[in-house]
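Data block below; observations after.
The values are calculated or read from the model by the stated rules, or taken from the named source; none is laboratory data. It should be emphasised that the depicted structure is a prediction, and the values quoted were computed from it without experimental measurement. Virtual Cβ from ideal backbone geometry, glycine too; neighbours counted across all protein chains shown.
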Amino acid sequence: MQVDPRHRFDNFVVGSANRLAVAAARAVAESPGAVYNPLFIYSSSGLGKTHLMGAIGNHVSGRAESLDIEYVSLDDFVEQLHAAIASGEGERFKQRYQRVDVLLIDDMQFLTGRRETQTELLRLLNAMQGSGRQIVMSSDRPPAEIADVDERLITRLSGGLIVDIGTPDFETRIAIMRAKCEERGVKFWPGVIEELGRLEFRNVRELQGALNRLIAFQTLGGEQIRPEDVLTVLGDLPEARSVAREESPGAPKENEFQSFLTDVASAVAQHVESWKARVAEAIAYWTGEGYRTTQLERLLQESAPPTNWESLLRGFGATVERLKALEQQATEVDGALGGDDVFRDPERLREAEVLLDRALAGATPPPGPSAAFTRQGFEVSSSNQLAVRAADDIVAAPGKRYSPLFIHGPSGVGKTHLLNAIGNELVDGSGGASAVACVSAQLFMDELIEALQDGTVERWRARYRSADALLIDDVQFVAGKERTQEELFHVFNSLHSEGKQLVFCSDRLPRELDGLEDRLRSRFEGGLVVEMQSPDRALREKLYARYLAATEHEPGPELLSYLAERSAASVREIIGIVNRLVAAADVAGAPLTLSVARAELDPDSSAAARPTTPVVARAAADTFFLDDEKVVWEWTDASTRMMEELK
Amino acid sequence: MSLVNYATREITCKIVYYGPGRSGKTTNLHYIYGQVPEERKGKMVSLATQTDRTLFFDFLPLDLGTISGFTTKFQLYTVPGQVYYQTTRKLVLQGADGVVFVADSQARQLEENIESFQDLHANLAEQGIDARGVPLVIQYNKQDLPRELILTPNELNDALNFRGVPEFGADALHGPGVFETLRSISELVLKRLSQPTR
């Protein structure tokens with residue numbers, strides 16, 4: 001349906017009774033969809049609803065021709081809908097209306113009882129409002145008074161701005177009539193229009209009818225009407241009759257409350273900024289969900305909308321989502337953490353993250369150093385003193401001097417001992433507060449694989465990242481293991497950036513480790529790389545003295561110097577030799593002397609008899625097994641064994 | 001008392017009708033009550049003495065329904081005008097978002113008007129409120145009485161309206177001026193919505 005081109009704002013006479021409606025309509029026409037959506041205009045008939053709707057339509061199309069404007073009365077809408085459904089083109093009908101940018105619907109009061117139209121309209125309104133397109137409706141009564149209409153639709157209709165147009169007051173009536181006369185080129189004697197204006201017409205249409213009558217009378221009669229003739233000319237109109245009785249000044253005016261309500265509505269609409277309402281909505285929602293909304297409440301204190309308020313709202317939502325995720329993870333680790341305050345306050349997101357990290361780390365702390373390895377029990381000599389001095393420096397100032405410290409050397413020279421000793425010292429130095437992760441690369445990798453299987457990599461990672469120091473033994477094992485190196489790389493970076501101490505042990509130099517990624521190699525080499533060599537003579541002497549002292553045998557100086565002269569590749573070998581000697585002495589039932597030692601260690605050059613079988617076995621066992629538990633020392637005699645087999 | 005609660009999407013305005021005894025405050029409320037459509041009528045609470053003077057206060061809740069998404073409620077109160085109900089007046093005045101001062105236009109009541117107007121300011125000051133910041137309108141009631149008995153709004157303005165707040169002549173018994181007054185104070189009060197929340 002076409003909008004009547006005669007309906008324009010410039011020929012709509014504005015008075016106190018319709019000022020608000022016109023202002024709202026203008027605002028809507030200036031920026032469709034941005035303010036008062038939907039706009040609902042109501043008034044009794046003949047007061048200008050249709051004119052106002054037409055004016056909106058004409059104004060919009062004059063400004064933006066590309067916009068699709070649809071003016072339709074509700075009856076037409078219903079008819080179109082029925083026709084569309086009857087011809088099976090319901091979908092096309094919907095699509096057609098969904099393309100409309102400004103939808104003007106007249107005579108909404110006919111919605112009463114039309115269920116399917118209501119449903120369709122509700123859907124359409126939702127779609128249009130959702131995409132910021134303008135809806136203007138008019139009716140002869142406010143939405144709440146249209147009988148038998150779906151409650152949801154009523155709230156939709158009332159959601160924007162509801163304005164009414166009242167009966168024009170005296171001045172407006174005069175203005176309307178003057179405008180009409182001008183339009184038609186008619187001139188009355190002064191006072192005639194005023195006389196007509198004194199009549200209380202219920203609406204403008206009737207007023208116009210009366211004016212037409214005067215115009216006709218004047219043009220046809222060829223005689224100018226005088227003011228006092230007006231009542232005679234209009235004599236048979238009821239309004240003209242009623243005017244005769246003087247209106248009592250105190251008679252209550254109709255609808256005072258209604259117009260008060262309209263005023264309040266416009267004041268509220270004017271003063272409650274929509275952005276604040278949106279923020280308030282968000283606050284109400286998130287408060288209801290149990291989240292603290294201080295951040296948003298501060299926003300409400302602003303007198304002007306901050307330019308980024310929408311993104312702030314979105315950001316708030318995102319933070320809450322993050323908090324939810326954190327809380328869920330934390331609850332999985334420790335049920336008691338669920339509902340913790342930090343998970344309810346977006347301003348404490350960082351705290352929540354820390355809390356989760358702690359929870360993850362605390363649930364299963366990374367392996368610590370073994371208490372069996374102490375710094376006191378570690379003998380120092382020139383072959384390992386550089387490493388030991390570096391270790392002592394680290395303990396004095398963790399993370400400050402050599403981080404990472406990379407210790408390499410052949411197997412059995414004490415790297416593990418020193419590593420664990422550093423760990424223990426770090427723990428002791430902090431009064432037990434430091435979380436020192438001391439782990440072999442093999443275990444590190446096994447844990448990672450397990451975490452990958454369980455899908456708990458995050459937690460595993462957090463454990464190591466929360467450590468105050470990371471000490472990894474046998475780091476050569478990570479060579480060629482891509483994923484482990486990847487994880488180690490990240491843990492390394494995270495700890496290193498926080499100034500945490502890192503120590504690695506390996507049997508080779510970083511550059512000799514085939515399959516070690518360059519990024520790790522360069523990082524290992526970035527700290528201090530020290531070597532621990534096979535024990536030299538001085539260290540050997542110290543070690544022999546110490547290990548023999550631990551037995552019942554007090555070694556003489558010649559024995560010590562004899563033993564120290566013999567080269568040993570590692571501390572482990574020295575321990576093995578001590579064990580052999582002690583066993584030999586026990587077997588011989590003699591104290592451990594130089595000659596016993598010679599006989600045991602250099603049988604060829606010694607005159608002593610060949611050791612008895614058990615001793616040989618022990619010697620062999622020392623070489624191959626090193627572990628007492630894995631060797632059967634006592635064999636039962638052959639006959640008993642035979643009996644066992646027969647049984 | 002907060003005027004607008006964004007969280008619950010409620011707007012609550014407390015408007016107090018203040019003035020000397022017998023100036024027509026309760027009459028104002030009665031007239032408004034009479035205009036409220038049946039379905040919106042709450043219960044008007046009036047605690048009157050046997051001689052029909054307001055003993056404690058009148059309370060008229062006006063539920064204006066949902067406006068721009070806000071549940072809007074107006075609460076209209078009157079204070080007892082008689083001098084000796086000072087305590088009740090103070091209580092009622094607490095948390096008022098706006099005040100309507102209903103003056104008696106009768107010439108012989110001028111002193112009472114001035115006294116009551118000063119009392120209003122004193123009570124506000126006692127509550128630590130700067131009277132200049134409180135939305136206020138003045139109503140010169142009983143303008144329907146014979147000319148010789150009353151002062152004109154202009155004369156009353158000289159005596160009372162030194163701040164130049166909106167003023168209305170009224171005939172509360174029959175209605176003229178009642179809604180104009182209410183509308184004006186509502187507008188002033190609602191204007192505060194766009195100011196930073198207190």
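General observations
- Filter pass, residue A:419 being more than 17 Å from residue A:369 (Cβ to Cβ), touching a residue at least 60 places away in the same chain (Cβ under 8 Å), hydrophobic (A, V, I, L, M, F, W, C) and part of a helix (DSSP H, G or I): no
- Residue in region A:80-100 that is within 24 Å of residue A:35 (Cβ to Cβ) and more than 42 Å from the chain's Cα centre (by Cα) present: no
- Taken together, A:26, A:63, A:99, A:6 contain a single residue that is surrounded by fewer than 15 Cβ atoms within 10 Å (Cβ to Cβ), under 30 Å from residue A:209 (Cβ atoms) and out of contact with any Gly (no Cβ under 7 Å at 6 or more places or on another chain), which is A:6.
- Selected residue (only one of A:149, A:163, A:186, A:136 is under 27 Å from residue A:70 (Cβ atoms) and in a loop (DSSP other than H, G, I, E, B)): A:149
- Taken over region A:196-211, the residue count meeting the criterion of being of a type outside the set (S, T, N, Q), out of contact with any Phe, Trp or Tyr (no Cβ under 6 Å at 6 or more places or on another chain) and assigned to a helix (DSSP H, G or I) is 7.
- The listed residues are A:262, A:307, A:294, and the only one of them that is surrounded by 13 or more Cβ atoms within 10 Å (Cβ to Cβ) and not acidic (Asp, Glu) turns out to be A:262.
- Once region A:410-443 is narrowed to residues that are more than 19 Å from residue A:380 (Cβ to Cβ) and of a type in the set (Val, Ile, Thr), the residue that is surrounded by the most Cβ atoms within 10 Å (Cβ to Cβ) is A:436.
- For region A:285-295, residues that are outside any helix (DSSP H, G or I) and either in contact with a His (Cβ under 7 Å, 6 or more places away or on another chain) or within 11 Å of chain B (Cβ to nearest Cβ) (or both) total 1.
- Residue list for region A:296-311, filter: assigned to a helix (DSSP H, G or I) and more than 14 Å from every other protein chain (Cβ to nearest Cβ): A:310, A:311
- Residue count for region A:255-273 satisfying the condition of being outside any loop (DSSP other than H, G, I, E, B) and in contact (Cβ under 8 Å) with a residue 40 or more places away in the chain: 7.
- Test: residue A:374 is polar (S, T, N, Q) and in contact with a Gly (Cβ under 8 Å, 6 or more places away or on another chain): no
- Residue identified as part of a helix (DSSP H, G or I) and modelled with pLDDT under 80 among A:632, A:616: A:616
- The residues listed here are A:543, A:560; of these, the one that is part of a helix (DSSP H, G or I) and touching a residue at least 40 places away in the same chain (Cβ under 8 Å) is A:543.
- Unique match (being assigned to a strand (DSSP E or B), more than 41 Å from the chain's Cα centre (by Cα) and modelled with pLDDT of 80 or more) among A:193, A:105: A:105
- When residue B:48 is tested against (1) modelled with pLDDT of 80 or more; (2) surrounded by fewer than 19 Cβ atoms within 10 Å (Cβ to Cβ); (3) farther than 25 Å from residue B:160 by Cβ, just one condition goes unmet, and that condition is (1).
- The one condition in (1) more than 10 Å from chain B (Cβ to nearest Cβ); (2) part of a helix (DSSP H, G or I); (3) under 20 Å from the mean Cα position of the chain (by Cα) that residue A:282 fails to fulfil: (1)
- No other residue among A:54, A:48 is in contact with a strand residue (DSSP E or B) (Cβ under 8 Å, 6 or more places away or on another chain), surrounded by 19 or more Cβ atoms within 10 Å (Cβ to Cβ), modelled with pLDDT of 85 or more and not aromatic (Phe, Trp, Tyr) apart from A:54.
- Pair list, Cβ under 8 Å, 6 or more apart: region A:572-585 residue within 12 Å of residue A:547 (Cβ to Cβ), other residue polar (S, T, N, Q): A:572/A:411; A:576/A:623; A:578/A:551; A:582/A:551
- Selection status of residue A:214, at pLDDT below 80 and either away from every other protein chain (no Cβ under 14 Å) or assigned to a loop (DSSP other than H, G, I, E, B) (or both): no
- Restricted to region B:89-198, the set of helices (runs of 4 or more DSSP H) holding at least 3 residues that are more than 12 Å from chain A (Cβ to nearest Cβ) comprises B:110-126, B:153-160.
- Filtering region A:499-519 to residues that are in contact (Cβ under 8 Å) with a residue 12 or more places away in the chain, among the charged types (D, E, K, R) and part of a helix (DSSP H, G or I) leaves A:511, A:519.
- Residue A:314 being in contact with a Leu (Cβ under 9 Å, 6 or more places away or on another chain), more than 14 Å from every other protein chain (Cβ to nearest Cβ), surrounded by fewer than 19 Cβ atoms within 10 Å (Cβ to Cβ) and at pLDDT 80 or above: no
- Among the residues here, residue B:73 does not qualify as closer than 24 Å to residue A:260 by Cα, out of contact with any helix residue (DSSP H, G or I) (no Cβ under 7 Å at 6 or more places or on another chain), modelled with pLDDT of 85 or more and crowded, with 19+ Cβ neighbours inside 10 Å.
- Of all residues in region A:126-162, exactly one satisfies the criterion of being surrounded by fewer than 17 Cβ atoms within 10 Å (Cβ to Cβ), in contact with a Leu (Cβ under 7 Å, 6 or more places away or on another chain) and more than 14 Å from chain B (Cβ to nearest Cβ), namely A:150.
- Checking each residue in region A:179-227 for being touching a residue at least 12 places away in the same chain (Cβ under 8 Å) and of a type in the set (Asp, Glu) picks out A:183, A:194, A:195, A:200, A:206.
- Summed over region A:520-540, the residues that are in a loop (DSSP other than H, G, I, E, B) and crowded, with 18+ Cβ neighbours inside 10 Å give a count of 4.
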